[in-house]
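The values are calculated or read from the model by the stated rules, or taken from the named source; none is laboratory data. The structure displayed is predicted, hence computed values, not measured ones. Please note: Cβ atoms are built from the backbone with ideal geometry, for glycine as well, and neighbour counts cover all protein chains shown. We work out accessible area using only protein heavy atoms, side chains counted, and drop any ligands, DNA or RNA first. Shrake-Rupley method; radii C 1.70, N 1.55, O 1.52, S 1.80 Å.
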Amino acid sequence: MKIYTRFTYLLLFLSFTACKSTEKVERSGADQEVLALAQNELAAQQARREQVRAAEDRLQNYRGIQSLDMVLLHTQLDLRIDFEQEQVHGEAVLTMHPHFFPQTEVTLDAKDFDLHAVNLFRGDSLLPLPYRYDERRLHLSLPQAYTRTDTLQLHVRYTAHPNRNAGGGSRAITDTKGFYFINPRGEEPDKPRQAWTQGETEHNSKCSRPLILRCRKRLRISLFGILRVCAA
């Protein structure tokens, strides 16, 4: 009887040990499967990162359109040409509206200007606007938020200096003047005095008027007094 009992205990012990061994094997297999899945995911992430880097390398010279905040509808200009000083004195009335989102600020391209007045039309009166100017862009703070259903008019009085900081340019247009004076002081008797603008590239904002270079919209321009010449 004792022998039988001991034999029964031995069988139970062996069965319990076998179950433990099987459980360890099963757990080891599950761990290996989880590890393999993690390694596959890491490899997939690395492949995606390499694809993104390759795409960025291909697009490093891509020049996308910049965000459009305001749409310039119409520009009214009153210009006086100063041949003696090689300057352009102007007054501009810019009609515009927000492109989509409400706006509390307007940014205009205006290179190498002397600013004399920056206003917002309020009915028949002019409201002076606070602004920041870095010799390249004019940032105006509006008195309220304007939506895309609103139309506003800005008034800017200025003096443009085409010859100021006129270096650089490109292979096609070798300077950044935008506005050119030919024989401005009449020192060459056989050559007429001329003033003309190339009317293209970003140098437009330097030559005679403030504008939104990246407007990408058709607009009208009305010129007044373009032939008025300042007395020497």
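Assorted remarks:
- The single condition among (1) open to solvent by less than 40 Å² (accessible area, probe 1.4 Å); (2) among the basic types (Lys, Arg); (3) outside any loop (DSSP other than H, G, I, E, B) that ARG80 does not meet is (1).
- Evaluating SER141 against the criteria (1) of a type outside the set (A, V, I, L, M); (2) at pLDDT below 90; (3) open to solvent by 30 Å² or more (accessible area, probe 1.4 Å); (4) over 18 Å from ARG80 (Cβ atoms) leaves one unmet condition, (2).
- Which listed residue, of GLU86, GLU105, is of a type in the set (D, E, K, R), closer than 21 Å to SER208 by Cβ and open to solvent by 30 Å² or more (accessible area, probe 1.4 Å): GLU86
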